[in-house]
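**Student:** Once you've had a glance at the structure underneath, I'll fire off some questions.
The values are calculated or read from the model by the stated rules, or taken from the named source; none is laboratory data. These figures come from a predicted structure and were not determined experimentally. Here the Cβ positions follow ideal geometry from the backbone for every residue, glycine too, while neighbour counts run over all protein chains shown. Surface areas here come from the heavy atoms of the whole protein model, side chains and all, with no ligands, DNA or RNA. Shrake-Rupley method; radii C 1.70, N 1.55, O 1.52, S 1.80 Å.
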Amino acid sequence: MQKVMIIGCPGSGKSTFARRLRDLTGLPLYYLDMLWHKPDRTNITKEEFDARLIEITGRDRWIIDGNYRRTLRVRMEQCDTVFLLDYPLELCLTGAQARIGTKREDMPWTETEFDGEFRQWIEDFPKDQLPEIYQLLEEYRDRRTIVIFRSREESDTYLRKLSENQGG
């Protein structure tokens, strides 16, 4: 496990899982939200984003946290391991709501409200994005390690076992 993708619905805890995995493995962690968003809530261009992403995925070791559907295949081509956090919708909505007002290392600003458009995007994620994600995972299932978690307990157990195997 040297090149890792972490994907899943917003609010599922991708960034928390990514930080814990980074702390256990020592792999460098990159947040797609930090690449795409500027602190003033604007974005870099798609061309700049793609160039940065290609530069990161060309490295020997990394964890990349985030969906960014348009770039899933680019990352899938380069990774050796994928973690999908496929948690119940209510858990993701609660997770997204809970982080409002919290300064985070995975976002260049502090969210001050649970935006209605963002909430709708989360609600639509299971039908709009998950089928495409599962189709992509199926294409790569024989060439990549793919781990799907359906609950936080499953991901916590995985990380605990990883820590124990590393003598931590």
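**Student:** The conditions are (1) part of a loop (DSSP other than H, G, I, E, B); (2) within 19 Å of Asp156 (Cα to Cα); (3) acidic (Asp, Glu), and Asp60 fails exactly one of them. Which is it?
**Tutor:** (2)
**Student:** Out of Glu48, Glu77, I need the residue that is over 17 Å from Thr145 (Cβ atoms), in a helix (DSSP H, G or I) and either at pLDDT 95 or above or of a type in the set (A, V, I, L, M) (or both). Which one?
**Tutor:** Glu48
**Student:** Hey, among the residues in the range 58-69 that are modelled with pLDDT of 95 or more and surrounded by fewer than 19 Cβ atoms within 10 Å (Cβ to Cβ), which one's farthest from Met34 (Cα to Cα)?
**Tutor:** It comes out as Asp60.
**Student:** Residue pairs, Cβ under 8 Å, 6 or more apart or interchain, first in the range 142-164 and at pLDDT 95 or above, second among the charged types (D, E, K, R) and open to solvent by 60 Å² or more (accessible area, probe 1.4 Å). List them.
**Tutor:** Going by the 8 Å Cβ cut-off, the qualifying pairs are Leu159/Arg20.
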